[in-house]
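First the structure, in the form of structure tokens, and then the observations on it.
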Amino acid sequence: MYSGPDGLFRTHVDTPRSTNQIGSLVVCLPAAFKGGDLIVRHQGNNVNFDWSSRSDSTIQWAAFYSDCAHEIKSVTEGHRITLTYNLYVTDSGCGSVPRNVNIDPQTLPFHGLLKSLLAEPGFMKQGMTWT
């Protein structure tokens, strides 16, 4: 959680936890905040994830490779609450994961499925149960 008026995380590259780690997934939970942009940089490309305008009502996310530099700009108001997951690749016999490919997540089948599930009023109404 990063809180206003000065919550931030300076530019860094994550330290992989194993040779199979390929990236990170950051999920921003609904909680109103201003500022707090996630900036991801790789090989001269910069992507700015500005989640503040829909932060009070929308789950938003970004995934990026482990060798990408990234930072969180200052949160100026409210609380920016995220869950961060390490992403790993395993040998499933289906080929390799291409590196350094820019993919629009909205074009992937998983995006449409997740979007339709989250749009259902009763989806996970009781939350999650861990066993």
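The values are calculated or read from the model by the stated rules, or taken from the named source; none is laboratory data. Here the structure is a predicted model, which means the values were calculated and not measured. Here the Cβ is made from the backbone with ideal geometry for all residues, glycine too, and neighbour counts use every protein chain on show. When the accessible area is computed, the model is the full protein with side chains, heavy atoms only, and any ligands, DNA or RNA have been set aside. Shrake-Rupley method; radii C 1.70, N 1.55, O 1.52, S 1.80 Å.
Among the protein heavy atoms of the stretch 1-55, carbon and sulfur supply 51% of the accessible surface, probe 1.4 Å, non-protein parts ignored. The magnitude of the dipole of the stretch 1-93, with charges of +1 and -1 set on the Cβ of Lys/Arg and Asp/Glu and taken from the Cα centre, is near 60 debye. Its Kirkwood hydrodynamic radius, worked out from the mean inverse distance over all distinct Cα pairs, puts the stretch 1-79 at 13.1 Å. Note that the stretch 48-57 has calculated 3J(HN,Hα) couplings of 9, 9, 9, 9, 5, 5, 10, 5, 7, 9 Hz, one per residue in order, obtained from phi through the Karplus relation 6.51 cos²θ - 1.76 cosθ + 1.60 (θ = phi - 60°); glycine and proline are x. Ordering E71, E77 by accessible surface, largest first, gives E77, E71; the 1.4 Å probe counts only protein heavy atoms, with every chain in place.
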